[in-house]
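In what follows, a single structure is set out as structure tokens and then discussed.
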Amino acid sequence: MLGFLPGMSLRDAAQREIDYGQSTSDRSGTENYNWQDRFGGFLGGYTREDVEKEMQRKQDKDLLQKLEREYGDTGTRLGVLDSSYKGTLEGIKGKTAAQLMAAQSSDKRLAGLLETYAGIDNANVSGINPNIKSPGLQQLITSQLASNRTAKETKAETKADKLLAMQLGISNQQSALQNKRLDLSDLRDQRQQEYNNRVLDQRDAQAMRNARDKQFAMILAGLNNVGQIFA
């Protein structure tokens, strides 16, 4: 309305369409360019196409500034990964504000997952496909955590096996030492028994010699008595 006012410039006409909410959702045109608008354009020397181009230029610029404020450092956080939101005027043409905000949210979520993955031990950030999406990156996180858990368990099992082997080695050494002590004790007992047997044998031999000497003395005494009788 009032688009026919004399002296209304192209920028004024574009702003009026925007203010009255006549812009399409993708900012590429106006939904209600009536006879008053056309008459005003005739007076101002511009066409509907000129108004729509100016509307898109202004709205795209304003929207891009808003998106940049919202986007922040997400592009930097994504690193080598491909972003959904390109952050350029050319990149927002033909897309609605809702679509662009969704792209921003997707990139922020992807950046957060990337930082989570990068913080996991043994994560291979440089090997990630630049076109990976959030579900794929979430799967990488899950897989890497599982891999680390398996490696940790294996390491713990290996350590436990080494400790058990060490304990078994110590136990075997103690058993061997105990066996040596028992063998030495048996050897001492055997030698003591052999000594005792030798002592007993010597005593028996001495007793036999004493008995034999006594018997021999008795025989000599008997013979001596017989000789005295015949004498």
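The values are calculated or read from the model by the stated rules, or taken from the named source; none is laboratory data. Predicted, not measured: the structure shown is a model, and the values here were computed from it. Note that we place each Cβ from the backbone using ideal geometry, even for glycine, and neighbour counts take in every protein chain shown. Surface areas here come from the heavy atoms of the whole protein model, side chains and all, with no ligands, DNA or RNA. Shrake-Rupley method; radii C 1.70, N 1.55, O 1.52, S 1.80 Å.
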Problem - Qualifying GluC sites (Glu not before Pro) in segment 1-110, DSSP loop, other Cβ atoms within 10 Å at most 13 - result: 31
Fill in the blank from the handout: The rounded separation in angstrom of the Cα centers of segment 180-231 and segment 64-105 is 119
Completion exercise
Once phi for every residue in segment 135-144 is put through the Karplus expression 6.51 cos²θ - 1.76 cosθ + 1.60 (θ = phi - 60°), the whole-Hz ³J(HN,Hα) values, with Gly and Pro written as x, are x, x, 5, 5, 5, 4, 4, 4, 5, 5
Handout entry: Dipole of the chain, positive end: most advanced residue of 166, 81, 197 [Cβ charges, Cα centre]
Key = 197
Problem - Qualifying lysines (Cα of each under 19 Å from Cα of residue 152; at least 8 residues distant if same chain) - result: 162
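Which sequence of 48, 109, 77 reflects their accessible areas, 1.4 Å probe, from the largest down? Before the final figure, lay out each step's value.
Details: 48 100, 109 130, 77 75 Å².
Order by accessible area, largest first: 109, 48, 77.
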Exercise for the section: Specify which labelled value, from (1) 124, 9, 9; (2) 39, 15, 14; (3) 35, 23, 18, agrees with semi-axes √(5λ) of the Cα gyration tensor in Å derived from the coordinates of the model shown. Expected result: (1)
Handout entry: Most positive-pole-ward Cα, 142, 104, 64, against dipole of the chain from beta carbon charges
Key = 142
Fill in the blank from the handout: In segment 1-133 the accessible area split gives carbon plus sulfur, as whole percent at 1.4 Å, a share of 52
Exercise for the section: May I ask for the angle, rounded to the nearest 10°, between helix 10-19 and the longest principal axis of the chain, with both axes built from Cα atoms and the value confined to 0 to 90°? Expected result: 60
Exercise for the section: Arrange the residues 216, 42 by how much accessible surface each exposes, largest first, with a 1.4 angstrom probe. Expected result: 42, 216
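For the pairs 58/133; 58/86; 95/133; 93/133, flag any whose C-alpha to C-alpha distance is greater than 28 Å.
From the list (58/133; 58/86; 95/133; 93/133), the Cα-Cα distance tops 28 Å for 58/133.
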Handout entry: Top positive-direction residue, dipole computed over the chain with Cβ charges, set 175, 225, 126
Key = 225
